[in-house]
1. Sort through Thr153, Thr81, Thr126 and tell me the only one that's touching a residue at least 12 places away in the same chain (Cβ under 8 Å) and in contact with a Ser or Thr (Cβ under 8 Å, 6 or more places away or on another chain).
2. Would you say Ser58 is touching a His at 6+ places or on another chain (Cβ under 9 Å) and either of a type in the set (Ser, Thr, Tyr) or surrounded by fewer than 22 Cβ atoms within 10 Å (Cβ to Cβ) (or both)?
3. How many of the residues making up the range 471-502 are touching a strand residue (DSSP E or B) at 6+ places or on another chain (Cβ under 9 Å) and on the phi > 0 side of the Ramachandran plot?
4. I'd like to know if the range 135-143 contains one or more residues that are over 15 Å from the mean Cα position of the chain (by Cα), more than 24 Å from Ala506 (Cβ to Cβ) and either of a type in the set (A, V, I, L, M, F, W, C) or at pLDDT 95 or above (or both).
5. Only one of (1) at positive phi; (2) in a helix (DSSP H, G or I) is not met by Gly235, so which one is it?
6. Considering each of Ser46, Ser51, Ser75 in turn, give the residue that is polar (S, T, N, Q) and within 15 Å of the chain's Cα centre (by Cα).
7. Out of Leu76, Leu89, Leu82, I need the residue that is out of contact with any Cys (no Cβ under 9 Å at 6 or more places or on another chain), over 22 Å from Phe264 (Cβ atoms), in a helix (DSSP H, G or I) and at pLDDT 95 or above. Which one?
8. Report those helices (runs of 4 or more DSSP H) wholly inside the range 428-492 carrying at least 1 residues which are modelled with pLDDT under 70.
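The values are calculated or read from the model by the stated rules, or taken from the named source; none is laboratory data. Since this is a predicted model, take the numbers as computed values, not measurements. Ideal geometry is used to build each Cβ from the backbone, glycine not excepted, and the neighbour counts take in all protein chains shown.
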Amino acid sequence: MSRCGGHVQRCLRLGAFGLAVLVFVAATAGDADARGKRARKAVAYSPPQASIVVDANSGKILQQTNADSIRHPASLTKIMTLYMLFERLEAGKLKLNTELPVSAHAAVQAPSKLALKPGETIQVETAIRAIVTKSANDVAVVVGEAIGGDEPTFGRMMTAKARALGMSQTTYRNASGLPDEDQVTTARDQALLGRAIQERFPNYYHYFSTRAFSFRGKMMRSHNRLLGAVDGVDGIKTGYINASGFNIVTSVKRNNRYVIAVVFGGHTAKARDARVRGLIEGHIATASINRTAPPVAEGTAMAENKLPAKPPAPQRDPREDMVATSQGGPSLGSTEPIKPIAVKTVNVAAGTRMAALSALPSDSRKLTPPPANTASVTTVATVKSELPPQPPGAAPGILGVLPVSEIKPSRGPQLAAAGDKVPVPAAAATPASTAEHAARARGGWMIQVGAFPDEDNAKERLSTAQTKAKEQLGKADPFTEKIAKGDKSLYRARFAGLDKDQAENACKNLKRSEIPCMLLKN
């Protein structure tokens, strides 16, 4: 007070000013530190790059870097998903106002998504807009299941179409582009697809220029920021997963010139966009103004003889953990133990697969969303078995058609090679085991909680599911079902011995934990 003399107010103002300066300096330093950390993280994340620029008028390659190196397509996968959908529209098998049913499997896909619920429907045109703008994974699966019956079958159909188009290094495993180490492509293949979808479907390609659309009162904006920002850009699709970085296939038509540019491996969306901008501006002036290249034509679809080489092990990224959690794995950092459970394995004939969830409704008979009080309704699939009928006098098997003698016991010896039968004397089927299998058959319902290339992963999923839905699955019969997929095997994780209410309630609980669940009639 003595130093300020009679100027108390002046001292207070000076003190307040000094404090504000100190706070500003501290905040600025904190912001700078945060920016520095983000910058270091962006530099540390360096996914493998690839690019190509194709003159679509002449077919000439204007630029290429690692154009034939194996990469993951991420959401560029949805270009082929829409190609398959446009094909059905052109053939009259679907219409823009056809309602597509939403399965439990589609509903549990990881974001980005529309958060559709099992039992709802979505119109084809709305599905197209959601895939183009929002890149909705649940909607892509809805489309895949509507066309292929189930997503793995649709993946094989997509791969066959890729081969027919000449995309020799592309293999699809799902409809959305969510992480799968076997789902691969190249920049050259994606440029070819970018040309093909425009030339084949001029009446539907315009959807790729959609910049926004409204869904249930919410505005969905396109992830493609080049639309409206770069002269001549009319689409088509962006994508991202950690293993691939930020990707884009883009089409540019300017002054009668027409180029397709593809970029893989951007460490940010902005870096990707800057890269493709530079490629466009650096090469479009040298592109031809006369069309001399023949249109992209489909050849005969070839069977998958050999999968492309697998890419290097992907780098980890926190966003990948969101996907892992949504697929039912333990949460990041969880210390919850996974208890082993006794699991059986049964071999299934190679031709056996899941039938379509339902026939597509006609326009005059649209499906509608379930009433508010039916939240537990789950789409039911029927298993079409190609196994021989059960011999007379044999006890029922787990699937209702497998003889008991061919089922691998919980703690018994390993099952013989596929196609071999394990002979069991009639006396070996004790009354206790017969009653046990009969009880399973009386349950009449099963659920499937996933399918994996490794049996240990399938068993782990069974253990996790039994923990999450202990009330319904505590006394259920867990087993893995081995099926052949070309030169590989897949293990389905299933529970048998359930009645309908138990199965539906189990799926309801599992879906809350973001574990996929499908009901099956035994």
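1. Working: Thr153 fails: in contact with a Ser or Thr (Cβ under 8 Å, 6 or more places away or on another chain); Thr126 fails: in contact with a Ser or Thr (Cβ under 8 Å, 6 or more places away or on another chain).
Exactly one of Thr153, Thr81, Thr126 is touching a residue at least 12 places away in the same chain (Cβ under 8 Å) and in contact with a Ser or Thr (Cβ under 8 Å, 6 or more places away or on another chain), namely Thr81.
2. Against the criterion (touching a His at 6+ places or on another chain (Cβ under 9 Å) and either of a type in the set (Ser, Thr, Tyr) or surrounded by fewer than 22 Cβ atoms within 10 Å (Cβ to Cβ) (or both)), Ser58 does not qualify.
3. Looking only at that region, the number is 1.
4. Scanning the range 135-143 turns up no residue that is over 15 Å from the mean Cα position of the chain (by Cα), more than 24 Å from Ala506 (Cβ to Cβ) and either of a type in the set (A, V, I, L, M, F, W, C) or at pLDDT 95 or above (or both).
5. Unmet condition: (2).
6. Only one candidate qualifies: Ser75.
7. After ruling out the rest, the residue left standing is Leu89.
8. On the way: elements: 431-443, 455-468, 470-473.
Correct list: 431-443.
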